[in-house]
Amino acid sequence: MRRLAACLMSCLFAVTAQAAEVTTYTLDNGLEIVVLEDHRAPVVVHMVWYRAGAADEPPGKSGIAHYLEHLLFKGTDDLAPGEFSDTVARNGGSDNAFTSWDYTGYFQRVAADRLELMMQMEADRMRDLRLTGTDILTERDVIIEERNQRVENDPGALFNEQRRAAMYLNHPYGIPIIGWRHEAEALTLDDALAFYRTFYAPNNAILIVAGDVEPEDVLELAKTHYGPLAPTLGLGDRQRPAEPPQLSERRLTFEDPRVAQPYVVRTYLAPERDPGAQEEAAALVLLAELLGGNGATSVLGRKLQFEAQKAVFTSAFYQAVSYDDTSFGFYIVPVPGLSLAEAEAALDQAVDEFLAEGIDPDQFARIKMQLRASRIYAEDSPQRLARRYGAALTSGLTVEDIEAWPDILQAVTAEDVLAAAERVFDRRRSVTGWLMQPQSQEVTQ
């Protein structure tokens, strides 16, 4: 097994040498440019990422970042409402946008010879969005309906919203991206324009172009279309409320008659990938894979699904890319007839046994190889590659950090993983949640 792993790893390292070339620039107005050059197909992905997400919203205005994402598809001084996406489609491409706590991004995937048109339109809406009161009301209704469909009608989503709010005592990561309903319903045109004028600026943006392009050509196009845009003056570093020391475990129970499958989930406050110091995060990535990355081979899957047969599903998760402290978690879906209390006890026992028994060397080597392979396979998709760089850069990392990350993962030892687990698994910095049907309903089944 080790010989085969070594052989496969050497092949993967050879493939890595053919990965996309990375070139960076910065315009005079502060716009950062990252070019991911890959000539294997005549396509290009054009992305603009803003260092502004749900965690950057002013107090009482939750949902404004996501709301503005929708509004950016309204008109500009040069484009009629809807014309942006219609133009992309007429040129054989696709476009969309996304909002997270740390960023908002807009992208188009088109033939390489359509890149300049994408830049022209995206630069136009960076500073020249035109909104009316009608736009605000119409799109606000769309957001509320989206919340109805994705959150209000899904007990699991409502549960996760409550659980995340309990996870962060003071930090805005505890506020939902789509916004609290009562605040989203009250958003105004002035709210949207204030957020837009502050954060949608070249000195708060990263342009990422991936695919069949020459870096110098991208730079010249960017100078032409983005270069004339004025930066936001006085825009400093992000200012966010700090999370205070967490001194007490939090627990919650969410009951809803619509729950089809009860489960237990626990999350711990955990460090994220920090610029120049990614080792702890790398150990936590491997810890999540060891504990719950694969139901058939992971520690939790093997112990709870196959050996003890107390779970129909188990998982562990960790979001390493984050501007501020993130979370590490795991959950268990118990077999019918097993209570959530018994499921939680079984989960705790399995984790304790893992910490006591240590890490199987063969499993550790296999997971490292899988992580390396999945990262290399992602190089075949310009869009996935662009998202990797965009998410990392808007979360405070550098290009050097991104390029160093694969080697840092491979350098993690079993001792590093166990030490990281001991530091993170502090119940005082945790939230344990039970999602279940009302107890009276549970008893009768």
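The values are calculated or read from the model by the stated rules, or taken from the named source; none is laboratory data. Small disclaimer: the values here were computed from a predicted structure and weren't measured. Cβ: placed from backbone, ideal geometry, glycine included. Neighbour counts: every protein chain shown. Ligands, DNA and RNA are excluded from the accessible area calculation, which covers all protein heavy atoms including side chains. Shrake-Rupley method; radii C 1.70, N 1.55, O 1.52, S 1.80 Å.
State whether one or more residues within segment 233-247 are under 26 Å from the mean Cα position of the chain (by Cα) and closer than 30 Å to Glu116 by Cβ. Checked segment 233-247: at least one residue is under 26 Å from the mean Cα position of the chain (by Cα) and closer than 30 Å to Glu116 by Cβ. Among the residues of segment 404-422 satisfying the criterion of being within 25 Å of the chain's Cα centre (by Cα) and of a type in the set (Val, Ile, Thr), which is farthest from Val22 (Cα to Cα)? Of everything passing the filter in segment 404-422, Val417 is farthest from Val22 (Cα to Cα). Within segment 221-233, the presence of at least one residue that is open to solvent by less than 40 Å² (accessible area, probe 1.4 Å), hydroxyl-bearing (Ser, Thr, Tyr) and not in a helix (DSSP H, G or I) is confirmed. Which numbered condition trips up Ser322, out of (1) assigned to a loop (DSSP other than H, G, I, E, B); (2) open to solvent by 60 Å² or more (accessible area, probe 1.4 Å); (3) among the hydroxyl-bearing types (Ser, Thr, Tyr)? Going through the list (1) assigned to a loop (DSSP other than H, G, I, E, B); (2) open to solvent by 60 Å² or more (accessible area, probe 1.4 Å); (3) among the hydroxyl-bearing types (Ser, Thr, Tyr), Ser322 breaks only (2).
Checked against the criterion of being touching a helix residue (DSSP H, G or I) at 6+ places or on another chain (Cβ under 6 Å), at pLDDT 95 or above and among the hydrophobic types (A, V, I, L, M, F, W, C), the candidates Leu31, Leu27, Leu12 yield just one match: Leu31.
Only helices (runs of 4 or more DSSP H) whose full extent lies in segment 327-445 are considered here, and the ones with at least 2 residues that are basic (Lys, Arg) are 361-377, 382-394. For segment 154-179, the tally of residues that are in a loop (DSSP other than H, G, I, E, B) and closer than 25 Å to Pro245 by Cα stands at 7. Within segment 251-273, being of a type in the set (D, E, K, R) and surrounded by fewer than 18 Cβ atoms within 10 Å (Cβ to Cβ) holds for Arg251, Glu255, Asp256, Arg258.
Filtered by the rule that a residue be more than 30 Å from Ala157 (Cα to Cα) and surrounded by fewer than 17 Cβ atoms within 10 Å (Cβ to Cβ), segment 191-220 gives Arg197, Thr198, Glu214, Glu216, Asp217, Glu220. Pairs linking a residue in segment 408-436 that is without any contact (Cβ under 8 Å) to a residue 12 or more places away in the chain and more than 22 Å from Tyr263 (Cβ to Cβ) to a residue that is of a type in the set (Phe, Trp, Tyr) and buried (at least 20 other Cβ atoms within 10 Å of the Cβ), with Cβ atoms under 9 Å and 6 or more positions apart or on different chains, do not occur.
Among the listed residues Asp95, Asp86, which satisfies the condition of being more than 28 Å from Glu183 (Cβ to Cβ), more than 24 Å from the chain's Cα centre (by Cα) and of a type outside the set (Val, Ile, Thr)?
Asp86
Is there any pair linking a residue in segment 217-233 that is without any contact (Cβ under 8 Å) to a residue 60 or more places away in the chain to one that is not in a helix (DSSP H, G or I), with Cβ under 7 Å and at least six apart or on different chains, and which? So the pair list comes out as Thr232/Ala201. Scanning segment 350-381 for residues that are charged (D, E, K, R), touching a residue at least 40 places away in the same chain (Cβ under 8 Å) and surrounded by 15 or more Cβ atoms within 10 Å (Cβ to Cβ) yields a count of 4.
Only residues that are out of contact with any Gly (no Cβ under 7 Å at 6 or more places or on another chain) and in contact (Cβ under 8 Å) with a residue 40 or more places away in the chain: list them for segment 202-216, please. Steps first, please.
The first filter runs over segment 202-216 and keeps only residues out of contact with any Gly (no Cβ under 7 Å at 6 or more places or on another chain), leaving 204-205, 207, 209-216.
Correct list: Asn204, Ala205, Leu207, Val209, Ala210, Gly211, Asp212, Val213, Glu214, Pro215.
Might you let me know whether segment 275-296 holds any residue that is touching a strand residue (DSSP E or B) at 6+ places or on another chain (Cβ under 9 Å) and exposed (fewer than 15 other Cβ atoms within 10 Å of the Cβ)?
We begin by selecting, within segment 275-296, every residue touching a strand residue (DSSP E or B) at 6+ places or on another chain (Cβ under 9 Å); these are 280-281, 284-285, 287-293, 295.
Next cut, exposed (fewer than 15 other Cβ atoms within 10 Å of the Cβ) only: none.
No, segment 275-296 contains no residue that is touching a strand residue (DSSP E or B) at 6+ places or on another chain (Cβ under 9 Å) and exposed (fewer than 15 other Cβ atoms within 10 Å of the Cβ).
Taken across segment 328-339, residues that are under 30 Å from Leu169 (Cα atoms) and open to solvent by 30 Å² or more (accessible area, probe 1.4 Å) do occur, with at least one present. Exactly one of these conditions fails for Arg240: (1) modelled with pLDDT of 95 or more; (2) assigned to a loop (DSSP other than H, G, I, E, B). Give me its number. It fails just one condition, (1).
Looking across segment 425-440 at every residue that is surrounded by fewer than 13 Cβ atoms within 10 Å (Cβ to Cβ) and either touching a helix residue (DSSP H, G or I) at 6+ places or on another chain (Cβ under 8 Å) or of a type in the set (S, T, N, Q) (or both), the one that is modelled with the lowest pLDDT is identified as Ser440. The listed residues are Arg384, Arg388, and the only one of them that is in contact with a helix residue (DSSP H, G or I) (Cβ under 8 Å, 6 or more places away or on another chain), surrounded by fewer than 18 Cβ atoms within 10 Å (Cβ to Cβ) and within 24 Å of Gln108 (Cα to Cα) turns out to be Arg384.
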